[in-house]
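> My questions will all concern the structure given below.
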Amino acid sequence: MTTETIKMKGSDAIKLAIEEEMERDESVFIMGEDIGQYGGAFSVTAGLLERFGPERVRDTPISENAILGCAVGAAMAGMRPIAEVMFADFLCVCMEMIVNQAAKARYMYGGQVNVPVTIRVPFGTGIMGAAQHSQSFESWFMHVPGLKIVLPSDASDFKGLMKTAIRDNDPVMFFEHKRTYYYTNEVPLDKEFMIPFGQARKFTEGDDVTIVATGAMVQESIIAANKLKEENIQCEVIDPRTLVPLDKKTILGSIEKTGKLVIVDEGCKTCSVSAEIAALVAEEGFQYLKRNIVRINTPDVPIPYAPNLEREIIPSAKLIQNQVKNLI
Amino acid sequence: MNSDELPKEWSSEESINIYKKMLMIREFETRITKDAGKIKSPLVHPYTGEEAIAVGACAAINEEDYITSTHRGHGHFIAKDGDVNLLMAEIYGKEGGICKGRGGSMHVADFSKNMLGANGIVGAGPPLALGVALASKMRNEGKVVLTFFGDGASNQGMLHESMNLAATWKLPVIFILENNKYGWSTPAQTATAVEDLSLRAQGYGIKGVIVDGNDVIEVYKSTKEAVDLARKGGGSTLIECKTFRWQGQTTTDADKYRSNEEKEEWKKRCPIEIYKKRLIRGEIIDQTMIKEIEEKTLEQVELSVKFSKKSKKPDTGTVLDDIYKNPIDIGGN
Ligand SMILES: Cc1ncc(C[n+]2csc(CCOP(=O)(O)OP(=O)(O)O)c2C)c(N)n1
């Protein structure tokens, strides 16, 4: 065990986790479109082919259904596959294998089979991807019993959670916001550095307002919290890190202290992650609330191409800052 | 097939138009590649080198007929007589673009021309083409649909379902497979165990043909035959056009996965040069006309850039418009 850390960006931290796990466990392998020689659309897997060879780093045809089916089947047969869906938007092509097969196999077959598959999903806005290359679908999958949903927001969490995902014995959807690939922070080099599912992370502490945020919205919220601090408003920024299981305790505990909740989530507002968290707090933490719950989401609109239009709808630090001030 | 001869039904003017369109696609893509830094989107896919397919195929249909396109859609847009100014402005993300800056390069569409849209989802065009063809059939309109897709797309389940249904229902859909040998970085031969993807047609019970995708006349003739068959109620055809994309996957792709030799080899078979030589041999055009056409094309591209730069950014106040035909309250932040 080492306590050493190294500064790296999110995408490299994911790769490091995959590399370490592939080295540790022969049954771990990865497949997807253009992930080998090309290194992946976002360079997450660059170098893995050279290191582990084409048997374990598999370039596939453009066949999302086959990729997911193959991964889920291999998992049922005792392997630990990682499947990459190049853009979250393409999940629509392979919903069947995830929702009706992977998520349900264990339960419907009476607990006879495990499905230890990790499904990697780059998602979100920020590259002028427009309506079919920018979406945030994580809340859809929260609605599917049997799946675990991970959504880290920085490099060290990417590493620790990816390792947990690969070793987990159930199907894990691992959402990677494209913008967070480029965020850098200190990442532990310890090969047993694992972050358990269901443990939120507090980025800042404060008594005034609780801000729960996911993915790229965590950074935006931290920026907003730092600005608000200058005005003597103390915010507690919490990243749940895993949406299923969800760390209710940390969220409710914070609201007990602050009495005010702002939720920031890049998904469209209706039936979003923020909707689920708001419902949870209304149900189990109503007595703590001193104000109405505020949800900051992308409105219910397809993502437009023009950068000024995209900026207009995606929650920003400035918007969070204003909304917090309105609340106080 | 002797494609050295121009099709008898083509007037000189039509023959020259074919040339103009191919050249327009080439110069358009060259220009957006040069402007990639200004356009900023990393998801702009140039059609350079494949011009003969879109232009040859679209020459075989009428204005009322339909096409569906792919993520690499500028060529299809131009071939279906789309306005270059509106295309350029869309890629620039401007209000004056064909989709008002909402769609961008991967979603250019001109419904007034029955160009039903480029598509960001690989393989999503052909299933839609089925329905368009079905509508035409149910209303006895005699219209046909060309659905363009790549070798990469051919491995989507959506293609299997589409070809089967088109064959079974004898739908007037023509599947135009642009086999440019690569799906992004993936060589077709590592994604399929057969070289000729048109072999699949047999399994569905439709006709499958292979054409030289760099020969606009060959593409035209095969498409014409397929269109005639479809209009007579004879159903669908799969036309595999062998070709090569000259540029990277996108305007910003480093394209390290293909060798220079391979690229150079294909550039020797430039679809525009091949056709130009025929026009010269057939004494349809001469050097003066060629020069004129080149200048005019460049000028039009230049004008489209000017048009785009002058066009306003979309008004952010309108970002929630156009979601529904009968609007509902969306809310917002
Ligand atoms: C469903 C889906 N999967 C993957 C992609 C990512 N992608 C975009 S273009 C492309 C390659 C497509 O290859 P092909 O169909 O041969 O068309 P070409 O790019 O060669 O014109 C890929 C993998 C996508 N857009 N949609």
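The values are calculated or read from the model by the stated rules, or taken from the named source; none is laboratory data. Remember, predicted model here, so these are calculated numbers, not experimental data. As a convention, Cβ positions derive from the backbone with ideal geometry for all residues, glycine included, and neighbour counts pool all protein chains shown. Ligands, DNA and RNA are stripped out before the accessible areas are found, and what is left, the full protein with its side chains, is counted by its heavy atoms. Shrake-Rupley method; radii C 1.70, N 1.55, O 1.52, S 1.80 Å.
> In terms of modelled amide H atoms, which long-range or inter-chain residues lie less than 5 Å from the amide H of B:THR70?
Under 5 Å from the amide H of B:THR70: B:ASN119.
> Convert 37 °C to kelvin, take the viscosity as 0.692 mPa s, use the Kirkwood radius over C-alpha pairs of the stretch B:63-213 as Rh, and evaluate the Stokes-Einstein diffusion coefficient in µm²/s, rounded to a whole number.
Diffusion coefficient, whole number: 206 µm²/s.
> Another question about this same structure. Plugging the Kirkwood radius over Cα pairs into Stokes-Einstein for the stretch B:180-333, at a temperature of 20 °C and a viscosity of 1.002 mPa s, what D comes out in µm²/s?
In µm²/s, the coefficient is 104.
> Share of chain A's accessible area from carbon and sulfur, percent, 1.4 Å?
Looking at chain A in its full context, I get 51 percent from C and S.
> Sticking with this structure for a sec: Determine the total buried accessible area between chain B and chain A, counting protein heavy atoms only with a 1.4 Å probe; round to the nearest 100 Å².
Protein heavy atoms only, the B-A interface buries about 3100 Å².
> Gain in length, B:VAL209 to B:ASP321, computed as 0.36 nm per residue apart minus the alpha-carbon separation, to one decimal in nm?
Taking 0.36 nm per residue and subtracting the Cα distance, the gain is 35.9 nm.
> May I ask you to derive the relative contact order of the stretch B:14-309, considering only C-alpha pairs under 8 Å and at least 6 residues apart, and to give it as an integer percent?
Once divided by the residue count of the stretch B:14-309, the mean separation gives 24 percent.
> Another question, then. Pop out a list of residues from the stretch B:298-333 that are at least 20 Å² less accessible with all the protein chains around than in their chain alone; 1.4 Å probe, no ligands or nucleic acids counted.
Relative to the lone chain, where solvent access is computed with a 1.4 Å probe, the stretch B:298-333 loses at least 20 Å² at B:LYS313, B:PRO314, B:THR316, B:VAL319, B:LEU320, B:ILE323, B:ILE330, B:GLY332, B:ASN333.
> A:ARG120's amide H: which non-local residues (gap 5+, or another chain) put their own amide H closer than 5 Å, with H modeled 1.01 Å from N in plane and none for Pro or chain starts?
A:ALA83, A:GLU84, A:VAL85, A:PHE174
> Quick one: 3J(HN,Hα) in Hz for the stretch B:87-100, Karplus 6.51/-1.76/1.60 with θ = phi - 60°, rounded, Gly and Pro as x.
Result, rounded to whole Hz: 5, 4, 5, 5, 5, 6, x, 10, 4, x, x, 4, 10, 6.
> Right, another one. Counting only heavy atoms of protein chains, what accessible area per residue, in Å², does the stretch B:163-213 have with a probe of 1.4 Å?
I get 44 Å² per residue for this part.
> Could I ask something else about it? Just checking the output field for B:216-223: average partner chain Cβ neighbours within 10 Å of each residue's Cβ?
Per-residue shielding by partner chains comes out at 0.
> Working from the alpha-carbon coordinates of the protein assembly as shown, get Rg over Rh, Rh being the Kirkwood radius.
1.00
> Shifting gears a bit: Which ³J(HN,Hα) values in Hz, rounded to whole numbers, follow from the phi angles of the stretch B:22-33 under the Karplus curve 6.51 cos²θ - 1.76 cosθ + 1.60, where θ = phi - 60° and Gly and Pro get x?
Along the stretch B:22-33, the couplings run 4, 5, 4, 4, 4, 5, 4, 5, 4, 5, 5, 5 Hz.
> Also, I was wondering about something else. Ranked highest first by the average count of other Cβ atoms within 10 Å around their residues, in what order do A:261-268, A:146-153 fall?
Those peptides, ordered most packed to least, come out A:261-268, A:146-153.
> Something else now. Rounded, prolate or oblate: which fits the stretch A:201-327 when a ≥ b ≥ c are the square roots of the eigenvalues of the alpha-carbon gyration tensor, with rounded for a/c under 1.5 and prolate only if a/b beats b/c?
Oblate is the answer for the stretch A:201-327, as a/c is 1.5 or above yet b/c matches or exceeds a/b.
> How do A:228-240, B:10-22, B:98-110 rank on mean C-beta neighbours within 10 Å, highest first?
Packing proxy ranking, top to bottom: B:98-110, A:228-240, B:10-22.
> Also, I was wondering about something else. On C-alpha positions alone, give me the angle between the axis of helix A:273-284 and the longest principal axis of chain A, in degrees, nearest 10.
Once rounded, one gets 60 degrees.
> What order, most packed first, do the peptides A:210-217, B:311-318, B:176-183 have when packing is the mean number of other Cβ atoms within 10 Å of each residue?
A:210-217, B:176-183, B:311-318
> Let me ask something additional. Would you tell me the mean number of C-beta atoms belonging to other protein chains that fall within 10 Å of each C-beta in A:123-129, as a whole number?
Average neighbour count from other chains, rounded to a whole number: 3.
> What list of ³J(HN,Hα) values in whole Hz, one per residue of the stretch B:112-117 in order, does the Karplus curve 6.51 cos²θ - 1.76 cosθ + 1.60 (θ = phi - 60°) give from phi, with Gly and Pro shown as x?
Couplings: 5, 10, 6, 9, 8, x Hz.
> Moving on. Return one number: the angle in degrees, 0 to 90 and rounded to the nearest 10, between the long axis of the Cα atoms of helix A:155-167 and the longest principal axis of the Cα atoms of chain A.
Approximately 50 degrees, to the nearest 10.
> Which residues' amide hydrogens lie under 5 Å from the amide hydrogen of A:VAL244, considering only partners 5 or more residues apart or on another chain, with H built in the peptide plane?
A:ILE149
> Ignore the peptide's own chain and count Cβ atoms of other chains within 10 Å of each Cβ in A:294-306; give me the average, rounded.
Going residue by residue through A:294-306 and averaging, the value is 6.
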